[in-house]
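K.L.:
Before I ask anything, let me first share the structure, which is written out below as structure tokens.
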Amino acid sequence: MGSVFLPHLKTGWHVDQAILHDQDRLVVIRFGRDHDKDYEVPDFNEMYELYDPMTIMFFYQNKHILCDFSTGDNNKMNFVIHDDQEMIDIIETIFRGARKGKGLVVSPYDYSYKRKK
């Protein structure tokens, strides 16, 4: 439902423009399709190692912001969060860290045990 309000970026050029355009906001990009779990923007598959059905990445001022979710992969979020407030907290933490110039932010939640279900 949330993707109805977000633009769909169909090519690598569209993704680049979204990342380059906003200098004051955190850009949150979900790679993947609502109806086709195997689809990503092909230009970014190899560069960002996008092999999961859904991947979320964060960018601020044209810089990839890493987040430590305690899963061993700081480059991206490749798991689903079902709690809206939890996702808001993560985005807020990443934004605050990015504004301070941090390239790596620690998630307010530990997902090392949640992913094993």
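K.L.:
Looking at segment 80-97, I want the residues that are without any contact (Cβ under 8 Å) to a residue 60 or more places away in the chain and have a partner that is part of a helix (DSSP H, G or I) and crowded, with 16+ Cβ neighbours inside 10 Å with Cβ atoms under 8 Å, at least 6 apart or on another chain. Which pairs are those?
P.N.:
81/87; 81/90
K.L.:
Counting only residues that are assigned to a loop (DSSP other than H, G, I, E, B) and of a type in the set (Ser, Thr, Tyr), which one in segment 66-117 is nearest to the chain's Cα centre (by Cα)?
P.N.:
Within segment 66-117, the subset assigned to a loop (DSSP other than H, G, I, E, B) is 69-76, 78-83, 100-103, 107-113, 117.
Those left that are additionally of a type in the set (Ser, Thr, Tyr): 70-71, 107, 109, 111-113.
Working: 70: 15, 71: 14, 107: 13, 109: 15, 111: 15, 112: 18, 113: 20 Å.
Per the criteria, the residue is 107.
K.L.:
For residue 10, which of the numbered conditions (1) part of a strand (DSSP E or B); (2) at pLDDT below 85 fails to hold?
P.N.:
Among (1) part of a strand (DSSP E or B); (2) at pLDDT below 85, the lone unmet condition for residue 10 is (1).
K.L.:
Continuing with the same structure: So, residue 85, is that one on the phi > 0 side of the Ramachandran plot, modelled with pLDDT of 90 or more and out of contact with any Phe, Trp or Tyr (no Cβ under 9 Å at 6 or more places or on another chain) or not?
P.N.:
Numbers: on the phi > 0 side of the Ramachandran plot: no; modelled with pLDDT of 90 or more: yes; out of contact with any Phe, Trp or Tyr (no Cβ under 9 Å at 6 or more places or on another chain): yes.
The answer is no for residue 85.
K.L.:
Right, here's the next one. Filtering segment 40-64 down to residues that are among the aromatic types (Phe, Trp, Tyr) and in a strand (DSSP E or B), which residue is farthest from residue 25 (Cα to Cα)? Spell out the reasoning first.
P.N.:
Within segment 40-64, the subset among the aromatic types (Phe, Trp, Tyr) is 44, 48, 51, 58-60.
Keeping just the survivors that are in a strand (DSSP E or B) gives 58-60.
On the way: 58: 10, 59: 9, 60: 7 Å.
This residue is 58.
K.L.:
Across segment 65-117, what is the total count of residues that are surrounded by 12 or more Cβ atoms within 10 Å (Cβ to Cβ), of a type in the set (S, T, N, Q) and farther than 26 Å from residue 24 by Cβ?
P.N.:
The number of residues fulfilling the criteria is 3.
The values are calculated or read from the model by the stated rules, or taken from the named source; none is laboratory data. All values reported here derive from a predicted model rather than from experimental measurement. With ideal geometry, Cβ positions are generated from the backbone for all residues, glycine too; neighbour counts draw on all protein chains shown.
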